[in-house]
Amino acid sequence: KGRFPSIFTVVKDLGLACGGKGLGRACQRLIDFGRCEYMRNDLFAPDSSSDDKCFNVSILHYVSRDVTPQNALLLASRN
């Protein structure tokens, strides 16, 4: 065994009802959210001289979870 517990051990130890896959998906979505916030606030931050947002940043889910849980696209488009 490795030095760190598996995600399934963490789920069991914490008594989470979501299961290992559910916790993994929740972690992915949290990371995606953080990436979007970084894009909005740092990468594409509005110019300090204007309050207008130059870019719209969003997360798109382009296929069903049945096809793949890796179905998130981070999209930045100019307003």
Filtering segment 22-43 down to residues that are at pLDDT 90 or above and in contact with a Pro (Cβ under 7 Å, 6 or more places away or on another chain) yields none
If the Cβ limit is 7 Å and pairs must be 6+ apart or interchain, which residue in segment 20-41 that is farther than 16 Å from residue 71 by Cα pairs with which residue that is at pLDDT 90 or above?
39/57; 39/74; 39/76; 40/57
Assuming residue 13 fulfils every condition listed in (1) under 22 Å from the mean Cα position of the chain (by Cα); (2) open to solvent by 70 Å² or more (accessible area, probe 1.4 Å); (3) modelled with pLDDT of 85 or more; (4) not polar (S, T, N, Q) apart from one, which condition is it?
(1)
Working only within segment 44-79, note down all residues that are touching a helix residue (DSSP H, G or I) at 6+ places or on another chain (Cβ under 7 Å) and at pLDDT below 85.
69
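The values are calculated or read from the model by the stated rules, or taken from the named source; none is laboratory data. Keep in mind that what you see is a predicted model, and the values were worked out from it rather than measured. Here Cβ is always computed from backbone atoms with ideal geometry, including for glycine, and neighbour counts include all displayed protein chains. To get the accessible areas, we keep the full protein, side chains included, count just its heavy atoms, and leave off ligands, DNA and RNA. Shrake-Rupley method; radii C 1.70, N 1.55, O 1.52, S 1.80 Å.
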